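First up is the structure itself, then whatever we jot down about it.
The values are calculated or read from the model by the stated rules, or taken from the named source; none is laboratory data. The structure presented is a predicted model; accordingly, all values stated were derived computationally and were not measured. Note: ideal-geometry Cβ built from the backbone for every residue, glycine included; neighbour counts use all protein chains shown. Only protein heavy atoms, including side chains, enter the accessible area calculation; ligands, DNA and RNA are left aside. Shrake-Rupley method; radii C 1.70, N 1.55, O 1.52, S 1.80 Å.
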Amino acid sequence: MTLNIKYFGVIAEITQCHEEVLEFSKSSIEDLLDILFDKYPEIKIKDFQTAMNNEIVSKNSIISTSEIALLPPFAGG
Amino acid sequence: MTNKKPKNVFKQGAISSDFIGNSIAKHQTKTSIGAHNIFLGQVRADVIDNKTVAAIEYTAYEDMANAKFDSIREAAFDKFELTCMHIYHSLGTVKSGEICLFVFISSPRRKVVFKALEFIVEAIKADVPVFGKEIFEDETHQWKKNT
């Protein structure tokens, strides 16, 4: 499937883009992160959460939407 | 979850005292209200390693953030007897001393607004994907984390 990956804050600084399209043939968030860690080794040591369908999801969640976001720690307010 | 698109909470730049004052004035016609409570988040000029924060540049995962603001709003209306609630958050650059978050709630009676406001502000800090780049006076930066 085609995924649209969104990056924010310090993560976007490392990837040097705010979003990218990726062809993905595996299933879980963890599978996707493995691919992203190969591409951007620096994000591996960063603190971030992954969101799907506007909710934070765990690493073993199965990807069911085309938009996935990598969210560093929140700083609202 | 509802299908309607959540309200947009974000405003570009700082939230002005005029805007806040006008919001208060608009409630004079809602005469069932007996108590308002307001939270204003202000950008603090933190000093980190001898460098002073001059501004915070806010970005957000806007779709998710607006959906989270919406569910915080719904949870607060379920939990507390509120007449109305308004939330505004800045995006873009907000200088130290300027306002970046404005939460305004109203109820017939006072006791509920103290508890409700704390509930709402803590939920915003914990659940809403807003990111803050603290820009120092020498133009270097670091990423802020809520504590």
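Applying the selection to region B:89-147, what residues are among the acidic types (D, E), without any contact (Cβ under 8 Å) to a residue 24 or more places away in the chain and more than 15 Å from B:F39 (Cβ to Cβ)? Outline the logic, then answer.
The initial filter retains those residues of region B:89-147 that are among the acidic types (D, E), namely B:98, B:118, B:122, B:127, B:134, B:137-139.
Pick out the ones that are also without any contact (Cβ under 8 Å) to a residue 24 or more places away in the chain and you get B:118, B:122, B:139.
Once the filter is applied, which keeps residues that are among the acidic types (D, E), without any contact (Cβ under 8 Å) to a residue 24 or more places away in the chain and more than 15 Å from B:F39 (Cβ to Cβ), region B:89-147 yields only B:E139.
The conditions are (1) open to solvent by 50 Å² or more (accessible area, probe 1.4 Å); (2) without any contact (Cβ under 8 Å) to a residue 60 or more places away in the chain; (3) of a type in the set (F, W, Y), and B:F80 fails exactly one of them. Which is it?
Checking B:F80 against (1) open to solvent by 50 Å² or more (accessible area, probe 1.4 Å); (2) without any contact (Cβ under 8 Å) to a residue 60 or more places away in the chain; (3) of a type in the set (F, W, Y), the one that fails is (1).
Could you pull out the residue among B:K95, B:K79 that is more than 14 Å from chain A (Cβ to nearest Cβ) and more than 19 Å from A:G76 (Cα to Cα)?
Numbers: B:K95 fails: more than 19 Å from A:G76 (Cα to Cα).
Within the list B:K95, B:K79, the selection yields B:K79.
When you go through B:N66, B:N50 one by one, which is the residue that is within 14 Å of chain A (Cβ to nearest Cβ) and of a type outside the set (K, R)?
Working: B:N50 fails: within 14 Å of chain A (Cβ to nearest Cβ).
On inspection, the qualifying residue turns out to be B:N66.
Answer yes or no as to whether A:L3 is open to solvent by less than 30 Å² (accessible area, probe 1.4 Å), farther than 30 Å from B:L40 by Cβ and touching a Leu at 6+ places or on another chain (Cβ under 6 Å).
Working: open to solvent by less than 30 Å² (accessible area, probe 1.4 Å): yes; farther than 30 Å from B:L40 by Cβ: yes; touching a Leu at 6+ places or on another chain (Cβ under 6 Å): yes.
Yes; evaluated as a whole, the condition is true for this residue.
Residues checked against (1) more than 13 Å from B:E98 (Cα to Cα); (2) more than 16 Å from the chain's Cα centre (by Cα); (3) of a type in the set (V, I, T):
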{"site": "B:K4", "(1), (2), (3)": "yes, yes, no"}
{"site": "B:V9", "(1), (2), (3)": "yes, no, yes"}
{"site": "B:S16", "(1), (2), (3)": "no, no, no"}
{"site": "B:N22", "(1), (2), (3)": "yes, yes, no"}
{"site": "B:K26", "(1), (2), (3)": "yes, yes, no"}
{"site": "B:L40", "(1), (2), (3)": "no, no, no"}
{"site": "B:D49", "(1), (2), (3)": "yes, yes, no"}
{"site": "B:A54", "(1), (2), (3)": "no, yes, no"}
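B:H27 is checked against (1) more than 11 Å from chain A (Cβ to nearest Cβ); (2) surrounded by 15 or more Cβ atoms within 10 Å (Cβ to Cβ); (3) assigned to a helix (DSSP H, G or I); (4) in contact with a helix residue (DSSP H, G or I) (Cβ under 8 Å, 6 or more places away or on another chain) and fails just one. What number does that condition carry?
Every condition holds for B:H27 apart from (4).
Kindly indicate whether any position in region B:33-43 is of a type in the set (F, W, Y) and in contact with a helix residue (DSSP H, G or I) (Cβ under 8 Å, 6 or more places away or on another chain).
Pass one, region B:33-43, residues of a type in the set (F, W, Y): B:39.
Remaining after also requiring in contact with a helix residue (DSSP H, G or I) (Cβ under 8 Å, 6 or more places away or on another chain): B:39.
The answer is yes, given that some residue of region B:33-43 is of a type in the set (F, W, Y) and in contact with a helix residue (DSSP H, G or I) (Cβ under 8 Å, 6 or more places away or on another chain).
Looking at region A:40-50, can you tell me whether even one residue there is in contact with a strand residue (DSSP E or B) (Cβ under 9 Å, 6 or more places away or on another chain), at pLDDT 95 or above, under 14 Å from A:L3 (Cβ atoms) and surrounded by 13 or more Cβ atoms within 10 Å (Cβ to Cβ)?
yes
Is there any pair with a first residue in region B:8-36 that is within 12 Å of B:T83 (Cβ to Cβ) and a second that is of a type outside the set (D, E, K, R) and assigned to a helix (DSSP H, G or I) whose Cβ atoms are under 8 Å apart and which are 6 or more apart or on different chains, and what are they?
Within 8 Å, the pairs are B:I33/B:H27; B:A35/B:V112; B:A35/B:V113; B:H36/B:I24; B:H36/B:H27; B:H36/B:V113.
I need the full set of residues from region A:30-39 which are open to solvent by less than 80 Å² (accessible area, probe 1.4 Å) and acidic (D, E), in order please. Lay out the reasoning, then the answer.
So in region A:30-39, the residues open to solvent by less than 80 Å² (accessible area, probe 1.4 Å) come out as A:31-33, A:35-37.
If the condition is that a residue be open to solvent by less than 80 Å² (accessible area, probe 1.4 Å) and acidic (D, E), then A:D31 is the only one that fits.
Being in contact with a strand residue (DSSP E or B) (Cβ under 9 Å, 6 or more places away or on another chain) and either of a type in the set (D, E) or surrounded by fewer than 18 Cβ atoms within 10 Å (Cβ to Cβ) (or both) is the requirement here; does A:S25 meet it?
Numbers: in contact with a strand residue (DSSP E or B) (Cβ under 9 Å, 6 or more places away or on another chain): no; either of a type in the set (D, E) or surrounded by fewer than 18 Cβ atoms within 10 Å (Cβ to Cβ) (or both): yes.
Considered against the rule, which asks whether it is in contact with a strand residue (DSSP E or B) (Cβ under 9 Å, 6 or more places away or on another chain) and either of a type in the set (D, E) or surrounded by fewer than 18 Cβ atoms within 10 Å (Cβ to Cβ) (or both), A:S25 comes out as no.
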